[in-house]
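Quick notes on the structure that follows.
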Amino acid sequence: MKIRFILPALEEAKSPYWRPIKYSLFPPLGLATLASLCDEDDEIEIVDEHVEEINLNDNPDLVCIESYITNAFRAYKIADSYRSRGIKVAMGGIHATSLPQEAKAHCDTVLLGLGERSFVEFLKDCKDGHIKPFYEQGQVSLEGLPLPRRDLFKREKYLVPNSMVFSRGCPNKCSFCYVSSFFQGGKTFFTYEVDRILKEIESMKGRHLYFLDDNILADKKLVRQVFKEMKGMNRVFQGAITVDSILEDDTIELAYEAGFRSAFIGFESVNMDSLIQANKLSNINMDYNQAIKKLDQLGIMINGSFIFGLDNDNLDVFDKTTEWAINNGITTATNHILTPYPGTSIYKKMIHDKRIYTNDWRLYDTRHLVFNHPNITKEQMEYGYNKAYKDFYRWGNIIKSSKEHEEIRMKMKHFSYAGAWKKFEPVWNFLIKNELLSTARGTLVRTLK
């Protein structure tokens, strides 16, 4: 069977916010995972529309499309194009799982939740000629699964081709989190076994890794074993962690010894009432300054994530958050306007309260306000969001923030990393256009180590 896996471009790819380097970081790992479950004699291709054009005139036997909320309309357009020619289309991913009936109008079958088990059943049914309209996630187990088909990636098109996960889901239940909508009414966190994790790490060439897990420290027993084994591998890696996981014990020290050099942390808000509203349990009553200092002393940079638009926020939230991030030496910032994704508890509450005023999924990109806020207008919210980014990444503030670190090495790492990420856009665009991202990987490793 000839199978084509497609990741449609997010809406941002056609907007003024488009940054080619942001969407040239990681290949579509989820699609490579499903590809590993296909039969040996299947002819398989993975197409990522963020880095390449899609030929909609080819003739595969089956098309499998991954959907997110802001690529939903593009996913539907691609699916409709194939189906108009009698080609079978399956759709999965977070958006299709959250709104399966909407997705079903554009495809032959919807794969709900994690597909590691249901996809095998679907493929068998597809080859037998009697597919079902929906395939439930069923009993999830990550045991015995093959490694993702990384041989199908076009490595030259990505800055970080060595991305992986050793867990699926998250044990936390933040009200705004899209991940929680993926797991309905049951267990929400699963992990691979240590031996499989190490096997996957060893299978990837190069020093740099990026763990795409929602929280790499969620299972302390597991990661402590992994980090101890990684200590002699001469790797450097990045990943997401929570504030509480930094302060609990010495696991973060083990992570650093294994090569952990840059942490994505969802601080979300510097307002305690907002954290309580969002059910951000991993941050409530936690000492942000102590956690930041601990990482800085080790030599781990921070990419801080912040949310604007929680109900307790006022017009001063943008300047307060930006000032806090600069004064605490946060290397890079990822800002979001609160977005009530379908399937989340905050979406359900806002629907009940009749606060959401648009279902145009193209606007659910965390850059637009899509609900009625009690204190901030749509225009004020979107202006403040953009201003916060501009202020944080001004050269003067990059320099000021880099000086907050105790050691010279961290001051230099902060300055070079933040500057390169936001200020060298023409250089990144040139590297991407000429497929030279692989030449930048060595510089990235030197900066991180």
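If the condition is being on the phi > 0 side of the Ramachandran plot and modelled with pLDDT of 95 or more, then the stretch 240-293 contributes only 259.
Residues of the stretch 2-36 that are more than 14 Å from the chain's Cα centre (by Cα) and either surrounded by fewer than 15 Cβ atoms within 10 Å (Cβ to Cβ) or of a type in the set (Gly, Ala, Ser) (or both): 2, 9, 13, 14, 15, 16, 17, 18, 19, 32, 35, 36.
Take the residues of the stretch 83-117 that are in a helix (DSSP H, G or I) and surrounded by fewer than 24 Cβ atoms within 10 Å (Cβ to Cβ): which is nearest to the chain's Cα centre (by Cα)? So that I can check it myself, show each step before the final result.
Narrowing the stretch 83-117 to residues in a helix (DSSP H, G or I): 83, 94-98, 100-104.
Next, only the ones that are surrounded by fewer than 24 Cβ atoms within 10 Å (Cβ to Cβ) stay: 83, 94, 98, 100-102, 104.
Numbers: 83: 29, 94: 12, 98: 17, 100: 21, 101: 25, 102: 23, 104: 25 Å.
It comes out as 94.
Looking at residue 383, is it within 20 Å of residue 316 (Cβ to Cβ) and surrounded by fewer than 18 Cβ atoms within 10 Å (Cβ to Cβ)? It is true that residue 383 is within 20 Å of residue 316 (Cβ to Cβ) and surrounded by fewer than 18 Cβ atoms within 10 Å (Cβ to Cβ).
On the basis of being part of a loop (DSSP other than H, G, I, E, B), in contact (Cβ under 8 Å) with a residue 12 or more places away in the chain and in contact with a Lys or Arg (Cβ under 7 Å, 6 or more places away or on another chain), does residue 159 make the cut? Spelling it out, residue 159 is indeed part of a loop (DSSP other than H, G, I, E, B), in contact (Cβ under 8 Å) with a residue 12 or more places away in the chain and in contact with a Lys or Arg (Cβ under 7 Å, 6 or more places away or on another chain).
Pick out the one residue from 73, 122 that is surrounded by fewer than 19 Cβ atoms within 10 Å (Cβ to Cβ) and at pLDDT 95 or above. Answer to the check: 73.
So that you can scan it fast, the table gives a plain yes or no per residue for (1) modelled with pLDDT of 95 or more; (2) part of a helix (DSSP H, G or I); (3) out of contact with any strand residue (DSSP E or B) (no Cβ under 8 Å at 6 or more places or on another chain):
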residue: 343; (1), (2), (3): no, no, yes
residue: 362; (1), (2), (3): no, yes, yes
residue: 365; (1), (2), (3): no, no, yes
residue: 399; (1), (2), (3): yes, yes, yes
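For beta carbons closer than 9 Å, sequence separation of 6+ or different chains, a first residue in the stretch 138-149 that is exposed (fewer than 13 other Cβ atoms within 10 Å of the Cβ) and a second that is charged (D, E, K, R), the qualifying pairs are 139/117; 141/116; 141/117; 143/193; 143/196; 144/196.
Would you check which residues across the stretch 37-50 are farther than 17 Å from residue 162 by Cα and under 18 Å from the mean Cα position of the chain (by Cα) and list them? Matches in the stretch 37-50: 49, 50.
Please verify whether the stretch 120-127 includes one or more residues that are without any contact (Cβ under 8 Å) to a residue 12 or more places away in the chain and either of a type in the set (Ser, Thr, Tyr) or under 18 Å from residue 152 (Cα atoms) (or both). Please lay out each step first, then the result.
First pass over the stretch 120-127, keeping only residues without any contact (Cβ under 8 Å) to a residue 12 or more places away in the chain: 124-125.
If we keep only those that are either of a type in the set (Ser, Thr, Tyr) or under 18 Å from residue 152 (Cα atoms) (or both) as well, we get none.
The answer is no; no qualifying residue exists.
Here is a check on your reading of the model: is residue 40 surrounded by fewer than 17 Cβ atoms within 10 Å (Cβ to Cβ) and not hydrophobic (A, V, I, L, M, F, W, C)? So residue 40 fits the description; yes.
One residue is enough: does the stretch 399-408 have a residue meeting the conditions in contact (Cβ under 8 Å) with a residue 12 or more places away in the chain, within 30 Å of residue 255 (Cα to Cα), touching an Asp or Glu at 6+ places or on another chain (Cβ under 8 Å) and hydroxyl-bearing (Ser, Thr, Tyr)? No, there is no match, as no residue in the stretch 399-408 is in contact (Cβ under 8 Å) with a residue 12 or more places away in the chain, within 30 Å of residue 255 (Cα to Cα), touching an Asp or Glu at 6+ places or on another chain (Cβ under 8 Å) and hydroxyl-bearing (Ser, Thr, Tyr).
Taking residue 406, is it modelled with pLDDT under 95 and loosely packed, with under 15 Cβ neighbours inside 10 Å? Please lay out each step first, then the result.
On the way: modelled with pLDDT under 95: yes; loosely packed, with under 15 Cβ neighbours inside 10 Å: yes.
Yes; evaluated as a whole, the condition is true for this residue.
Only one entry in 271, 234 is within 30 Å of residue 437 (Cα to Cα) and among the polar types (S, T, N, Q), namely 234.
For the stretch 128-137, enumerate the residues that are surrounded by fewer than 21 Cβ atoms within 10 Å (Cβ to Cβ) and in contact with a strand residue (DSSP E or B) (Cβ under 7 Å, 6 or more places away or on another chain). It would help to see each step written out before you state the result.
Looking only at the stretch 128-137, we keep the residues that are surrounded by fewer than 21 Cβ atoms within 10 Å (Cβ to Cβ), and these are 128-134, 136-137.
Those that are surrounded by fewer than 21 Cβ atoms within 10 Å (Cβ to Cβ) and in contact with a strand residue (DSSP E or B) (Cβ under 7 Å, 6 or more places away or on another chain): 131, 132, 133, 134.
Residues checked against (1) surrounded by fewer than 16 Cβ atoms within 10 Å (Cβ to Cβ); (2) at pLDDT below 95; (3) in contact with a helix residue (DSSP H, G or I) (Cβ under 7 Å, 6 or more places away or on another chain); (4) not charged (D, E, K, R):
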residue	(1), (2), (3), (4)
402	no, no, yes, yes
415	no, no, yes, yes
434	yes, yes, no, yes
442	yes, yes, no, yes
449	yes, yes, no, no
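The values are calculated or read from the model by the stated rules, or taken from the named source; none is laboratory data. Just so we're clear, the structure is a prediction, and the values are computed from it rather than from any experiment. Note that each Cβ is placed from the backbone with ideal geometry, even for glycine, and that neighbours are counted across all protein chains shown.
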